[in-house]
Amino acid sequence: MSRQHLYILAFSITMVLSAPSLAQDIGWAAGTWKGRIEGFRGQDPTRTLSIAIDGGAAKCGWGEGFRSNPPAAKNCSVSATGVKLTSGANNQIDLRRSGNTLSGTMTTTAGDGKTYNLTMKKE
């Protein structure tokens, strides 16, 4: 067997063995997260983020208050290290994982485009 064939074989084995772990890397996010936007005025600063994993893809809900079924987020991506989403109002949310806590920012797109700190805990 040539060296090139060995490299291809090793690469193929690596891909097959790592595929299941890649799908599991986002499983940590599944569930309901509740938190508060710091310094946010004019609306309820509490938020609910719900995440379901379906076929290796994340489906997210994001809403004001502590709703049990928040409306769907426009875009949502979950990685091993955090969550990024776009709310129904086009606000950008970027959260980093630390145990059962997500911390990060929400940047509004209306008005002045202000950025607020946000912390969420998994229920």
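Compute the signed sum of charges (Lys and Arg +1, Asp and Glu -1) over the other residues within less than 11 Å, Cβ to Cβ, of residue 119.
Values: positive: 34, 36, 47, 96, 121; negative: 38.
Residues close to residue 119 contribute a combined charge of +4.
Could you calculate the FRET efficiency of residue 81 with residue 123 from 1/(1 + (r/R0)^6), where r is the beta carbon distance between them and R0 is 35 Å, rounded to 0.05?
In this case the efficiency is close to 0.95.
I need the Debye-formula profile for segment 32-113: one equal scatterer per C-alpha, no solvent, reported as log10 I(q)/I(0) at q = 0.13, 0.24 1/Å, two decimals.
Those come out to -0.37, -1.33, one per q.
Pull out the extension gain between residue 107 and residue 54, defined as 0.36 nm times the separation in residues minus the alpha carbon to alpha carbon distance; nm, one decimal. Provide the component values of the computation, followed by the final result.
On the way: separation 53, 0.36 × 53 = 19.08 nm, distance 2.74 nm.
Roughly 16.3 nm would be gained on extension.
Determine which lysines satisfy two conditions relative to residue 74: a Cα distance under 19 Å, and not lying fewer than 8 residues away in the same chain.
34, 59, 84
Every number here is computed from the coordinates shown, using simple stated rules; none is lab data. Note that this is a predicted model, so its numbers are computed, not measured. Quick reminder, even Gly has a Cβ in these numbers, built from the backbone with ideal geometry, and neighbours come from all protein chains shown.
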